[in-house]
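The values are calculated or read from the model by the stated rules, or taken from the named source; none is laboratory data. Predicted model only: the values in this text are computed from it and were never measured. Using ideal geometry, Cβ is built from the backbone for each residue, glycine included, and neighbour counts are taken over all protein chains shown. Heavy atoms of the whole protein, side chains included, go into the accessibility calculation; ligands, DNA and RNA do not. Shrake-Rupley method; radii C 1.70, N 1.55, O 1.52, S 1.80 Å.
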Amino acid sequence: MQVITLQKPSKQITYRTTYILKPTLTEEEITKEIEDYQKLLVDNAAEDIIIENTGKCRLAYLINKQNDGIYFQITYRGSTTLVNTLQRRMRLSTNTLRYQTFKL
């Protein structure tokens, strides 16, 4: 008799969220924003969190009267409810100009 074990498929999907912060923020404010987003991900059971600062770049068009922005990328594994929670937090933040999440 052959025993076959089935593993429950993981609902963890890999996502990449790119967001732009205001260029007028101080180092302390930028660090606080990053830590807030990282804490949110950890508290909601995200895995394999990678945060990259891609630097300050000129925007293609004005966003909230800003010509420049500080770009960040967060790559993580999590559920769709986590993505919704993260995007809601970014939408309510006054320091985040834009954000976009992609499923990898």
(message) Could you tell me how many of the residues in the range 78-90 are among the charged types (D, E, K, R) and either part of a strand (DSSP E or B) or farther than 16 Å from Lys39 by Cβ (or both)?
(response) 0
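One line per residue, one yes/no per condition, for (1) farther than 14 Å from Ile13 by Cα; (2) at pLDDT 95 or above; (3) of a type in the set (Val, Ile, Thr):
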{"residue": "Thr31", "(1), (2), (3)": "yes, no, yes"}
{"residue": "Ile34", "(1), (2), (3)": "yes, no, yes"}
{"residue": "Ala45", "(1), (2), (3)": "no, no, no"}
{"residue": "Tyr61", "(1), (2), (3)": "yes, no, no"}
{"residue": "Gln66", "(1), (2), (3)": "yes, no, no"}
{"residue": "Tyr76", "(1), (2), (3)": "no, no, no"}
{"residue": "Thr81", "(1), (2), (3)": "no, no, yes"}
{"residue": "Lys103", "(1), (2), (3)": "no, no, no"}
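Among the residues of the range 27-60, which ones are of a type in the set (D, E, K, R) and either closer than 12 Å to Phe72 by Cβ or outside any strand (DSSP E or B) (or both)? First the steps, then the outcome.
Within the range 27-60, the subset of a type in the set (D, E, K, R) is 27-29, 32-33, 35-36, 39, 43, 47-48, 52, 56, 58.
Hits for the range 27-60 are Glu27, Glu28, Glu29, Lys32, Glu33, Glu35, Asp36, Lys39, Asp43, Glu52, Lys56.
Against the definition (open to solvent by 30 Å² or more (accessible area, probe 1.4 Å) and under 12 Å from Tyr15 (Cα atoms)), how does Glu52 come out, yes or no? Please lay out each step first, then the result.
Working: open to solvent by 30 Å² or more (accessible area, probe 1.4 Å): yes; under 12 Å from Tyr15 (Cα atoms): no.
Answer is no for this residue.
From Thr75, Thr94, Thr24, which residue is surrounded by 15 or more Cβ atoms within 10 Å (Cβ to Cβ), of a type in the set (S, T, N, Q) and either under 13 Å from the mean Cα position of the chain (by Cα) or part of a loop (DSSP other than H, G, I, E, B) (or both)?
Details: Thr94 fails: surrounded by 15 or more Cβ atoms within 10 Å (Cβ to Cβ); Thr24 fails: surrounded by 15 or more Cβ atoms within 10 Å (Cβ to Cβ).
Checking each option against the conditions leaves just Thr75.
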(request) Please give the number of the condition Gln7 fails out of (1) at pLDDT below 90; (2) open to solvent by less than 90 Å² (accessible area, probe 1.4 Å). (result) (2)
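Are any of the residues in the range 2-20 in a strand (DSSP E or B) and hydrophobic (A, V, I, L, M, F, W, C)? So that I can check it myself, show each step before the final result.
The first filter runs over the range 2-20 and keeps only residues in a strand (DSSP E or B), leaving 13-20.
Remaining after also requiring hydrophobic (A, V, I, L, M, F, W, C): 13, 20.
Taking every residue of the range 2-20 in turn, at least one turns out to be in a strand (DSSP E or B) and hydrophobic (A, V, I, L, M, F, W, C).
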